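Derivation of every value follows stated rules applied to the coordinates shown; laboratory data play no part. Note that the coordinates shown come from a computational prediction; the quantities given were computed from them, not determined experimentally. Backbone-built Cβ (ideal geometry, glycine too); neighbour counts: all protein chains shown.
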Amino acid sequence: MMRAFLRNAGCVLALAALCIPAFAAQPKAATEKPAAQASILPAAFAGWEQTGTAQKGSDPRQLDATSAAVLAEDRFADFEIATYKVIDTNSANPKDGQRTLTLRAARFADAEGAYAAFTYYRQPRMQKEDIGQLAASLNERVMFLQGNLLVDAQFTQLTAMSGAQMRELAGMLPKAAGPASELPTLPGRLPRKQLVPESAHFVIGAAAYAALNLDIPAGLINFEKNPRLLWARLNGDGPASAEILLTEYPTHIIAIERLAAYQQLQPATGATMVVKRTGPIVALVRGQISRRDAERVLASINYDASVTWNQDTGQAKRDNIGGLVVAGLTLAFVLFLISVGLGLMFGFGRVVMPRLWGKKKGEIADDGKMIRLDLDRH
């Protein structure tokens, strides 16, 4: 009877142990809410003050309905739109107090997506600016990239301090940490001498690639393999009459497979086309450019992989048996010297020490002999 009672009690305790974690987790799941994203734009900066309430959202269609698919494949996270006015100006020109600024800030999962969106929205006539990590401007519009953020500023009137104000704003924006703050490395492989300035477009998905209007089929590139593309114009035999396309695949094997498909492309009549693979990158140059110049451009594109291979050689202190034996013998020799030294100290100390120190008054002479008790005589 007692055995049956203990068995039933054990079953009850086991069921209770299984139920308690589930019961404890239920209120947590019901009450937990996803952490809200921090605000992107500041309330005030560099003499500008936000007016009204900023518009926020996470739907790319609210930011740009036409290019929502491009923003989505660039890993768009959320946006913020705010209007600013000049803080109490003392300028003699009354129009200075009427100037306004509209900021449209888009946040992406990482800097790669933000860079892709920056090159998508950058217009050919835009001039390069020194704001944030990358910037371009056209008339009263300034667009800059800072980490995983893309900011589009529209002024009603530009001044000599507008650039400095944008640089101050860039320093106040929230910063991405870790890998999310790293820009893609593919743009660094473009040939700078032959490149048409501000013409590069970094592409992550098929929607942005379709906006380039290239006659290279998307199926040839195969976006299912998750490639990264970089297209730009080159200075060829005519004004901006050549182009370069770099396609970086996740592995060398995929690049080798796609190279054969690229080589099947037929150039336009009178045009040149040269294809090359370097590592996981397939590079294509085509257009009104001589074959020699095209090959020179491709020769400047080389993929360098840094590989570190740490192989166990068996020579580590823990694994080397010779070193272990030497260490053991060294320890034994040291212990031997210590034992001999202590023996000499205690063996001869009773003889030498009394002779070194004189006998004081009232002390019995100590000749260093061992004290013996002859108990067997009594």
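What the table below lists for this structure:
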| item | result |
| --- | --- |
| Under Karplus coefficients 6.51, -1.76 and 1.60, residue-wise ³J(HN,Hα) of segment 267-281 in Hz, glycine/proline x | x, 5, 4, x, 9, 10, 9, 10, 10, 8, 10, 9, x, x, 10 |
| Proxy reagent accessibility, fewest Cβ within 10 Å first, across THR66, THR102 | THR66, THR102 |
| Whole-Hz couplings from phi, Karplus 6.51/-1.76/1.60, listed for segment 323-336; x for Gly and Pro | x, 5, 5, 4, 5, x, 5, 4, 5, 5, 5, 5, 5, 5 |
| log₁₀ of I(q)/I(0) at q = 0.11 Å⁻¹ - segment 44-180, Debye sum with one point per alpha carbon | -0.40 |
| Placed amide H near GLY147: partners under 5 Å, 5+ positions off or other chain | GLN133 |
| Percentage relative contact order, segment 186-299, counting C-alpha pairs under 8 Å, at least six apart | 23 percent |
| Distance violations [Cα-Cα > 31 Å] among LYS56/LYS85; LYS56/LYS128; LYS85/LYS193 | LYS85/LYS193 |
| Under the Karplus curve 6.51 cos²θ - 1.76 cosθ + 1.60, θ = phi - 60°, whole-Hz ³J(HN,Hα) for segment 116-130, x wherever Gly or Pro sits | 4, 5, 4, 5, 5, 8, 5, 9, x, 8, 5, 9, 5, 10, 9 |
| Relative contact order (percent, whole number), segment 44-180, Cα cutoff 8 Å, 6+ residue spacing | 21 percent |
